[in-house]
Every structure is written in C-alpha cells, then in structure tokens.
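Accompanying notes for the structure given below.
The values are calculated or read from the model by the stated rules, or taken from the named source; none is laboratory data. Values in this document were obtained by computation on a predicted structure and should not be read as measured data. Cβ placement follows ideal geometry from the backbone for every residue including glycine, while neighbour counts extend to all protein chains displayed.
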Amino acid sequence: DGGITQSPKYLFRKEGQNVTLSCEQNLNHDAMYWYRQDPGQGLRLIYYSQIVNDFQKGDIAEGYSVSREKKESFPLTVTSAQKNPTAFYLCASQRQNPSQTGGPGQPQHFGDGTRLSIL
Amino acid sequence: DAKTTQPTSMDCAEGRAANLPCNHSTISGNEYVYWYRQIHSQGPQYIIHGLKNNETNEMASLIITEDRKSSTLILPHATLRDTAVYYCIVRYGGSQGNLIFGKGTKLSVKP
C-alpha cells in the first residue's frame, strides 16, 4: 500500500544529543513537510521541501536540520540546540501542483508521527 | 489563507449521521475547503476536499453552500472509531505551503 512511514514511533533523547527522525514515502510525491505538535495545540511547520536537494525553513526551524537527497526520504534531525524538543513530530507529503496560484487542490497526507521525549 | 470557525465539540449516536459545520466567510474564489481528522496520538488523516460542488467519497460527504461561506462534513453512519478531532481548513489549490490547523471539533460518537 502507498503511504508515509515514520520511524521510530517513540524516541528518547539525552541532553546534548542529536537524534534523527525518519520519514519515507512511496506515493511519488514531490513535496514533503515536517510539523511539530505540542499537547492541545495545532501543527507548526518546521521545514518543507518541494524538490530533491532543496528545502525551506518553516516557522520554527531553529534547532532542527533536514536533508532531501532522495525523493522518497526527508529525515529530520533534532539537534542539541533545540532546547524544548519534547513533542509529537509529523511528516507529510503532497503531490506537486504545476501552478502555485491555481490548479486542482492537492491534500497533504501524514504519517503516524514520532513522539520525542527527553531523558 | 482564510480562517475557519468550528464548534468546539459535538456528540453523535453510533449509527446516526454526524454533521460537522464549518464557517469560512472570508474564503476567496480559488481556495478549497479541506477536512482532516486526528485520532489521539496518530497523524492527521485526510478525509475530503472541494471547491464549489458537493463531494462524496468512501469516508464522507462534503456539502458547500452556494455562496461558499460555510460547509458541512457528513459522516453518514458514525461508528465509535470516528471519535476524533475534525479540522476544516481552507487553502489555495496550488499552495505548497503548510496547512494551518485551528482548534477543530471534538466529535464523540457514543453507543
């Protein structure tokens, strides 16, 4: 079945440690996204990528890094500079639209998330 | 992207239709209405989207008013597994940016 796979489901980070969250999709989507969700709140965008080898910062990129070496993969690294990393992390993908201002609506599809906690 | 207004919570009896309203009075002509839901500790699940016409898929129906200022998501035969937070989002069709999730409606399906 086509979909988005996030791993691991649960992750624990020690102080001063970098951790990497995996996101893989087999939907052949061009665009991929990372969001963070805190308890009782909406989603906030960390990074997104519209094409391989290119990505843009979202609203809360500080303390995070990403890479997009393959279309299928968009890993997120939570660095030690991120002082409050405990959250639910969600990866999403979307089929590319030919036009930024028009064209048919394309939904974003989400993985099941990774819950990151501090030890 | 336009803002949406949804009730904070709703109840529905199992087996009955669940009708979830959404107001989007400032929607512009090329903005679509999307519905997602999020079950606790899972990622948001895409349900349906539409521009002007009513839409139906295997999960739900979307009814958009003629002036496009409001819409209703209909789950025709709600089950206990439909208990979730439902989000109504309006967005340009060609947009590649982030989705803006509001507070949503907490739907509780009761036996």
Checking B:L75, B:L80 in turn, the sole residue that is more than 14 Å from every other protein chain (Cβ to nearest Cβ), in contact (Cβ under 8 Å) with a residue 12 or more places away in the chain, more than 23 Å from A:S93 (Cα to Cα) and more than 15 Å from the chain's Cα centre (by Cα) turns out to be B:L80
Per the filter on the range B:13-35, residues facing another protein chain (nearest Cβ under 8 Å) and in a strand (DSSP E or B) are B:Y32, B:Y34
#### Entry: Residue check for B:Q42: in contact with an Asp or Glu (Cβ under 6 Å, 6 or more places away or on another chain) and of a type outside the set (S, T, Y)
yes
Just a yes or no: is a residue in the range B:89-111 within 12 Å of chain A (Cβ to nearest Cβ) and at pLDDT 95 or above? yes
Taking the criterion of being of a type outside the set (V, I, T), modelled with pLDDT of 95 or more and more than 19 Å from A:L27 (Cα to Cα), would at least one residue in the range A:100-115 satisfy it?
yes
Of the candidates A:F55, A:F110, the one satisfying the condition of being of a type in the set (A, V, I, L, M, F, W, C) and more than 7 Å from chain B (Cβ to nearest Cβ) is A:F55
Here the qualifying pairs (Cβ atoms under 6 Å; residues six or more apart or on different chains; first in the range A:38-58 and without any contact (Cβ under 8 Å) to a residue 12 or more places away in the chain and under 16 Å from B:K103 (Cα atoms); second among the aromatic types (F, W, Y) and surrounded by 19 or more Cβ atoms within 10 Å (Cβ to Cβ)) come out as A:G42/B:F101
Regarding B:V85, is this residue in contact with a His (Cβ under 7 Å, 6 or more places away or on another chain), within 14 Å of chain A (Cβ to nearest Cβ) and not acidic (D, E)?
no
